[in-house]
Amino acid sequence: MLRGGLALGGALGLQACAPTATKVASASSRFGRPPLVPMRLTPDQIVDIKCCIRPFRAAGPNLSTEQIGDTLVVHNYGHGGSGWSLSWGSGEVAVTKAMSVLPKEIAVVGCGIIGLTAAVMAQRAGLKVTIYARETIQRTRSFRASGSYTPDSRVCLAEPAGPGFGDLWEQMARFSWKSFRTMLGVAGDPVVFHDSYGLSDTPPHRTEHPADPAITASYATTGRPQQQSEFGHYSDRLKDIVPGNIPLSAEENPFAAPYATRTSQMHFNFASYGQILLAEFFARGGRFEQRDFHAPAELAGLKEKVVIHSTGYAARDLWQDKTMIPVRGQTGWLAPQPDAAYSIHYKNGLAMSKSDGVCIMNFDTALGEMQGVGNSLEIPDRTETEAALAALAPLFASPAARA
């Protein structure tokens, strides 16, 4: 996916970058990789800032069933920061449970990525499907995410989820991974791999999350996580299929940071992905009815007697699920830069170049996974995005500018 060149002197008009250009050329000739085009990481490129609430449940996604009157409700919500990544796998679990009573038609409540994916999977299983939702996917919180494959991103807390959750998580993550691979190379590039670089001023090391003995409170005592060590981490279970990080030598590293690693990262382009799923849903005879729900009993009034409930964070109020904890997240978006098709993560900043723009995220390195926990404010903050840009911009500066 990489095109163009990080010939910083020519592309940025910085003649002092000749040493960097030489280094990149050497790496390119050795490994056959074209040099990278530098990203334009300046505030004047900002075209949008989006803020959302991740639907985090301490015990992990709710995939249980319950009976309301004569209606079977299959829950499929609460995926934290892993909704896109686990959508096909959790959809497979939900649809299998819905099929257990041999329905001919079902309803799906919610049209974010979780609901829409489950609806399409139910159609593929031969069911007639109606989606009931306030809005289609383009106006849901799903479209405000970053959109990369992060299947254990704040998906649960290890203790409330229990020792058996890892097996269920792995089942969903692997099923989703295989499903995404069927969308590679499809017109519109709904799913794409590109190179992702982790950059640092100190030697890279494996990130651990040891418990801080000074923090005695926990989710069990407060109803909210108090430190990073409480979150569940399962990514090591996928080491055999998900590309790992490779350290780059000084000759291979084209960036103005002493240390670099590279991996191949899967991400999703929302516009084309959403259109493809909606097109399939309607082509298979799917119906969409705009509707808002205020209480679980209203689902029993639907003509369909099997319902997959996928309202995400809205389930906190609709289902009075107070185990759901808001986790605020924000993405800034720069104008698309298709020639700079890669990602970088340095200090508190992330830049991920996608077909619909360059996604910018600001990470508080001290808070880590605790960032945004308990914060339900969905008002964008431009200063967050500008701070991330300020952290990343020096990676493309000339040696003279960095001196």
Checklist entry - Under the condition of being of a type in the set (Ser, Thr, Tyr) and either assigned by TED's automatic domain parsing to the domain that holds Glu159 or part of a strand (DSSP E or B) (or both), which residue from segment 30-82 is surrounded by the most Cβ atoms within 10 Å (Cβ to Cβ)? => result Tyr77
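A quick yes/no check of all residues on (1) surrounded by 15 or more Cβ atoms within 10 Å (Cβ to Cβ); (2) touching a Gly at 6+ places or on another chain (Cβ under 9 Å):
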{"position": "Glu230", "(1), (2)": "yes, no"}
{"position": "Ala250", "(1), (2)": "no, no"}
{"position": "Ala257", "(1), (2)": "yes, no"}
{"position": "Ser272", "(1), (2)": "yes, yes"}
{"position": "Phe281", "(1), (2)": "yes, no"}
{"position": "Gly285", "(1), (2)": "no, no"}
{"position": "Leu302", "(1), (2)": "yes, no"}
Checklist entry - crowded, with 19+ Cβ neighbours inside 10 Å, more than 18 Å from the chain's Cα centre (by Cα) and touching a residue at least 12 places away in the same chain (Cβ under 8 Å) - does that describe any residue in segment 349-360? => result no
Checklist entry - If you go through segment 244-265 one residue at a time, do you hit one that is under 22 Å from Trp84 (Cβ atoms) and of a type in the set (Phe, Trp, Tyr)? => result no
Checklist entry - Does segment 167-203 hold any residues that are in a helix (DSSP H, G or I), touching a strand residue (DSSP E or B) at 6+ places or on another chain (Cβ under 8 Å) and exposed (fewer than 15 other Cβ atoms within 10 Å of the Cβ), and which are they? => result Arg181
Item to check | Residue match in segment 99-110 (condition: part of a helix (DSSP H, G or I), modelled with pLDDT of 95 or more, surrounded by fewer than 24 Cβ atoms within 10 Å (Cβ to Cβ) and basic (Lys, Arg)) | outcome: no
Item to check | Residue satisfying all of: in segment 210-242; assigned to a loop (DSSP other than H, G, I, E, B) and in contact with a strand residue (DSSP E or B) (Cβ under 7 Å, 6 or more places away or on another chain); nearest to Pro163 (Cα to Cα) among these | outcome: Gly232
Checklist entry - Only one residue in Arg316, Arg291 is of a type in the set (D, E, K, R) and surrounded by fewer than 21 Cβ atoms within 10 Å (Cβ to Cβ), so which one is that? => result Arg291
Checklist outcome for this item: Picking from Thr385, Thr365, the residue that is of a type in the set (S, T, N, Q), over 17 Å from the mean Cα position of the chain (by Cα) and at pLDDT below 95 would be Thr365
Next on the checklist: Could you check segment 111-139 and list, in sequence order, the residues that are more than 25 Å from Ser235 (Cβ to Cβ), assigned to a loop (DSSP other than H, G, I, E, B) and either touching a residue at least 40 places away in the same chain (Cβ under 8 Å) or of a type in the set (A, V, I, L, M) (or both)?
Outcome noted: Cys111, Ala125, Leu127, Arg134, Glu135, Thr136
Checklist outcome for this item: Matching residues in segment 29-51 (over 21 Å from the mean Cα position of the chain (by Cα), at pLDDT 90 or above and not polar (S, T, N, Q)) number 8
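The values are calculated or read from the model by the stated rules, or taken from the named source; none is laboratory data. What you see is a predicted model; the values in this text were computed from it and never measured. For neighbour counting, all protein chains shown are included, and Cβ atoms are generated from backbone atoms with ideal geometry for every residue, glycine included.
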